[in-house]
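The values are calculated or read from the model by the stated rules, or taken from the named source; none is laboratory data. Keep in mind the model is a prediction, meaning the values are calculated, not measured. Here the Cβ is made from the backbone with ideal geometry for all residues, glycine too, and neighbour counts use every protein chain on show. All accessible areas refer to the heavy atoms of the entire protein, side chains included, with ligands and DNA or RNA removed. Shrake-Rupley method; radii C 1.70, N 1.55, O 1.52, S 1.80 Å.
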Amino acid sequence: QVRLVESGGTLVQPGGSLRLSCATSGFTFSVYDMSWYHQAPGKEREMVAFISSDGASTTYSDSMKNRTSISRDNSKKAVYLQMRNLKFEDTGVYYCKAAHNRVGLLTYWGQGTQVTVSS
């Protein structure tokens, strides 16, 4: 079955760094675009980073731009989100999403990992 499992979320101090991982299985990872979403408490879920299936294209939200880097390892079927200079507003649940690069119905979500930025 399809599985997306996020990990790496934890308590971190403002200004700190964190690396989130999303391990996947059950689908052809190399033909799926991958994204990271952030949902702050009481807020809408927002895409913060995107990487194309071939890894050639990346985009970031304004809030994460210059502080975040998304990457993927097709051999490991995993996607990563490296964050630095973390801020209080970065607190929330981070979700990994897979979307087929041609078939829109083929979209999968992970269960999320909690990140708490606090002093």
Counting just the residues of the range 69-88 that are in a strand (DSSP E or B) and open to solvent by less than 20 Å² (accessible area, probe 1.4 Å), which one comes out farthest from Gly104 (Cα to Cα)? Met83
Give all pairs with beta carbons closer than 6 Å in which a residue from the range 93-119 that is open to solvent by 40 Å² or more (accessible area, probe 1.4 Å) and of a type outside the set (Asp, Glu) meets a residue that is part of a loop (DSSP other than H, G, I, E, B) and modelled with pLDDT under 95; count only pairs at least 6 apart in sequence or on separate chains. His100/Leu106
What pairs come out if I take residues in the range 58-85 that are touching a residue at least 60 places away in the same chain (Cβ under 8 Å) and within 19 Å of Ser17 (Cβ to Cβ) and pair them with residues that are open to solvent by 40 Å² or more (accessible area, probe 1.4 Å) and assigned to a strand (DSSP E or B) whose C-beta lies under 7 Å away, six or more apart or interchain? Tyr80/Arg19; Tyr80/Ser71; Gln82/Arg19; Gln82/Ser69
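A quick yes/no check of all residues on (1) open to solvent by 70 Å² or more (accessible area, probe 1.4 Å); (2) assigned to a strand (DSSP E or B); (3) aromatic (Phe, Trp, Tyr); (4) closer than 14 Å to Gln114 by Cβ:
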| residue | (1), (2), (3), (4) |
| --- | --- |
| Gln1 | yes, no, no, no |
| Gly16 | no, no, no, no |
| Ala23 | no, yes, no, no |
| Ser30 | no, no, no, no |
| Met34 | no, yes, no, no |
| Gly42 | yes, no, no, no |
| Asp54 | yes, no, no, no |
| Thr59 | no, yes, no, no |
